[in-house]
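Remarks on the structure that follows.
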Number of protein chains: 6
Amino acid sequence: MIKLALYPGTFDPVTNGHIDIIQRASELFDKIVVTVARNLSKTPLFTTEERVFLLKESLKNFNNVTVDSFDGLVVDHAHSVNACAIIRGLRAVSDFEYEFQMALMNRKLAADISTVFLMPNEKYTYLNSSIVRNLSQFGSDVSEFVPNVVQDALIKKYAVK
Amino acid sequence: MIKLALYPGTFDPVTNGHIDIIQRASELFDKIVVTVARNLSKTPLFTTEERVFLLKESLKNFNNVTVDSFDGLVVDHAHSVNACAIIRGLRAVSDFEYEFQMALMNRKLAADISTVFLMPNEKYTYLNSSIVRNLSQFGSDVSEFVPNVVQDALIKKYAVK
Amino acid sequence: MIKLALYPGTFDPVTNGHIDIIQRASELFDKIVVTVARNLSKTPLFTTEERVFLLKESLKNFNNVTVDSFDGLVVDHAHSVNACAIIRGLRAVSDFEYEFQMALMNRKLAADISTVFLMPNEKYTYLNSSIVRNLSQFGSDVSEFVPNVVQDALIKKYAVK
Amino acid sequence: MIKLALYPGTFDPVTNGHIDIIQRASELFDKIVVTVARNLSKTPLFTTEERVFLLKESLKNFNNVTVDSFDGLVVDHAHSVNACAIIRGLRAVSDFEYEFQMALMNRKLAADISTVFLMPNEKYTYLNSSIVRNLSQFGSDVSEFVPNVVQDALIKKYAVK
Amino acid sequence: MIKLALYPGTFDPVTNGHIDIIQRASELFDKIVVTVARNLSKTPLFTTEERVFLLKESLKNFNNVTVDSFDGLVVDHAHSVNACAIIRGLRAVSDFEYEFQMALMNRKLAADISTVFLMPNEKYTYLNSSIVRNLSQFGSDVSEFVPNVVQDALIKKYAVK
Amino acid sequence: MIKLALYPGTFDPVTNGHIDIIQRASELFDKIVVTVARNLSKTPLFTTEERVFLLKESLKNFNNVTVDSFDGLVVDHAHSVNACAIIRGLRAVSDFEYEFQMALMNRKLAADISTVFLMPNEKYTYLNSSIVRNLSQFGSDVSEFVPNVVQDALIKKYAVK
């Protein structure tokens, strides 16, 4: 049986830290679905469609990775794509507690799906989408932290604002 | 290609929390090797051979799980069995930091092997081998926390002492 | 002298985790006052009156527990009801630091009142009001996590929205 | 019904931080039993008898506090003295996780007994028995951190060594 | 060469905890520039100009400390004033992770500037600007927590509201 | 007045993470004294003299850094060398709490000395002396983690054992 894992996130925008996790996951599972959470309390910088596009462009060299988006509960989407696992990246203790709580609840809601935590390279410990947006907003070069297509999109986005 | 994961630990003795992790892992990977670390700074209650025996007895219903033991570095043993992943259970923040540090070092030493963290059922949050030994030493019933074969071994061990 | 403890919170809405804490507290103190904080930076799902009602319905079998609401500082309300203790539930490290800081400040403001931390059953580790609201919003059954009266109120609330 | 709480610990030796917790607890419960754990993996500086003596001397002004010692499991001793609660002091995140795990296990073993966490004054955040022993060993004045009878005992103990 | 350190923050308003850090820093470095971050996601209680004024008044007895404000990235402002260090106060684990992440990113952006963490007196562990605003809003006396000029400004601010 | 900082530690043995901290500190202070703690509960791999030697060899290119060793309390040694600061490296939350407690106690014992926390490069997050000893014991190449002189000493030490 093919083993598929779902990697849900906000990806506003995708960073090299996310891609490092996807690289790892793509070696462990037969197929990875990277999925953008539509439903957000705060307004994202990029629309769902833009975030899906930036992920697709950034991941086009991975032949067992696809990208989509979802509304509602992660476990429902996991069931709909026949995932056996949900992938989450862990970088810090503060990540850990929130992730742990979500993973316990998801286990309660869907006993057949395991949450699998992967750890990015230590050089991405300091990296998250919010820091990248912040740097880009003040005109810093972020080419070391995100794919080129994302840097271009950030420059365009902040030029308009 | 077959996907094999190594689950290293002290297992002094194996608890239902460990078995919960192994159950999860056995659904995600084609084959699991559970491996007992021989080399310990403190003297274990059970010898390596006893710990391997108790694991084998406890896991005989899993048909894609085998048990062995190792000396030296985990990543060297992972290479010798052609593992693509090292499995670790995460229960608490204090686990997390130590595990994270080991995982980063192992990634440095063996870039081709990912550490995969799984989370036991929340009913095992409070459970570890040291608490089980402590309870058993004072004559408490530990049948809820360990397989029967382990409870028998604990009773025998503490009767001798 | 009668020993009264105040259990302040947002209770938006009350969950089985809160009720587990109240059950414990009601066995340790002569009287418990559960009190809803009126003053909130973010808009709650339920009004203060609704939250008080749901607590009263959920707690009607406890004969030493009453429910009210308050504005202002917790220690001022604690003084007004002659409490010797403030009850707080602790589930995770992230709870801990915030709670600790509040408890130190409250101790500074009212040296005669102790903050008492109680721990819910581990099966409620993953449970909080925000997760319950989130599940309910997407139509999940939350009967395992909240009293029936709360589930009904959630269904009605989200049907209106 | 009288409400009794058990405060177990190593107390090697008792510090002003412990006494601060006992002071608080003695105002919340009808009776407090402070109990010295006999059974220790590492050798304590003071014998069980010395630790009981130092506690008794330090606590003689509290008329609802008694001191004893115990072997075995804390919950068994709590039952034998009819305690409804076990008191623990919490100072830091690292305390928290260990204490949490013990409290969950104790709740499992004895559902009728609650663990109650109290917080010492923030001026005792940095204080523990091990730091006091360390300071005393190098001849520092520790009169600010422990009762006089304990300081005298420390001086005598290290003079002999 | 003169050694200058930058102490950036929101200071909404400055508390005695901040002043304790500045006191420490002023003894370690030749010159300290305390700098108010203009750019904030949430609306501050005091305007940038008010926050600068309150800092200047509170710090007028320190002869090697100046106050300014900045827009943009901290490291850019640090370069513009020739700082060799960025000062940050650390009180709790939750501070730590966020600060650590910022410090790693700032090290990446400006390898010539070190982040230096200082620890306030333990009596300021429970103190932050948000708690002070909260207390003041409900009419509590905050003279123990902030300089007089700040208490006056808080009273005036909340009287207007 | 010359500003001197003391950097105390076990250094068993010195790693590139320590040297990164010393590099940073040597740019912030006029003079750094790196000092080896003689007094240890567990037996170190290298003697105090060996640890001092390895530090001296590793640090000979820093012209404002000297190396010594001490018995007793860190603050007493800090006073004896006229230090205004004690340097400590911080890598993780678990470091943080212990360090914080020591820093608060040292501040209590010596109000004129500040503890200054510096953060190593993130590539040293996973690195500590114990991991280096462990790797070296099993014959791994540790040249990426320690100075050459230390690697040679480790090889010699484990060949003898």
With respect to C:Ala153, is the statement that it is more than 10 Å from chain A (Cβ to nearest Cβ) and farther than 30 Å from E:Leu135 by Cα true? yes
Could you say which residue among E:Ser80, E:Ser58, E:Ser69, E:Ser140 is of a type in the set (Gly, Ala, Ser) and under 17 Å from E:Ile21 (Cβ atoms)? E:Ser58
Criterion: acidic (Asp, Glu), open to solvent by 40 Å² or more (accessible area, probe 1.4 Å) and closer than 22 Å to D:Asp68 by Cα - qualifying residue of D:Asp152, D:Asp141: D:Asp152
The lone condition B:Gln23 fails out of (1) open to solvent by 70 Å² or more (accessible area, probe 1.4 Å); (2) within 14 Å of chain F (Cβ to nearest Cβ) is (2)
Against the definition (assigned to a loop (DSSP other than H, G, I, E, B), over 18 Å from E:Met119 (Cβ atoms) and within 10 Å of the chain's Cα centre (by Cα)), how does E:Pro13 come out, yes or no? yes
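Say whether the condition of being among the aliphatic types (A, V, I, L, M), touching a strand residue (DSSP E or B) at 6+ places or on another chain (Cβ under 6 Å) and under 25 Å from E:Val116 (Cα atoms) is met by at least one residue in the stretch F:89-112.
yes
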Can you find, within the stretch C:95-109, the residue that is nearest to B:Leu127 (Cα to Cα) among those that are open to solvent by less than 10 Å² (accessible area, probe 1.4 Å) and away from chain A (no Cβ under 13 Å)? C:Ala103
Collect the residues in the stretch E:38-58 that are surrounded by fewer than 22 Cβ atoms within 10 Å (Cβ to Cβ) and touching a Lys or Arg at 6+ places or on another chain (Cβ under 9 Å), keeping them in residue-number order. E:Pro44, E:Leu45, E:Thr48, E:Glu50
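So if I check each of A:Val65, A:Val74, A:Val81, which one is surrounded by fewer than 16 Cβ atoms within 10 Å (Cβ to Cβ) and in contact with a strand residue (DSSP E or B) (Cβ under 8 Å, 6 or more places away or on another chain)?
Unique residue meeting the criteria: A:Val81.
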Facing another protein chain (nearest Cβ under 7 Å), aliphatic (A, V, I, L, M) and farther than 21 Å from E:Tyr124 by Cβ - does that describe any residue in the stretch D:110-119? yes
Go through (1) assigned to a loop (DSSP other than H, G, I, E, B); (2) farther than 28 Å from F:Met105 by Cα for E:Gln151 and report which single condition fails. (1)
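Given the condition within 14 Å of chain F (Cβ to nearest Cβ) and either touching a Gly at 6+ places or on another chain (Cβ under 8 Å) or farther than 29 Å from B:Lys108 by Cβ (or both), answer yes or no: does some residue in the stretch B:34-44 qualify?
The answer is yes, given that some residue of the stretch B:34-44 is within 14 Å of chain F (Cβ to nearest Cβ) and either touching a Gly at 6+ places or on another chain (Cβ under 8 Å) or farther than 29 Å from B:Lys108 by Cβ (or both).
The values are calculated or read from the model by the stated rules, or taken from the named source; none is laboratory data. Because the structure is a prediction, the values reported are computed rather than measured. Counting neighbours? That spans all protein chains shown, and the Cβs are built from the backbone with ideal geometry, glycine included. All accessible areas refer to the heavy atoms of the entire protein, side chains included, with ligands and DNA or RNA removed. Shrake-Rupley method; radii C 1.70, N 1.55, O 1.52, S 1.80 Å.
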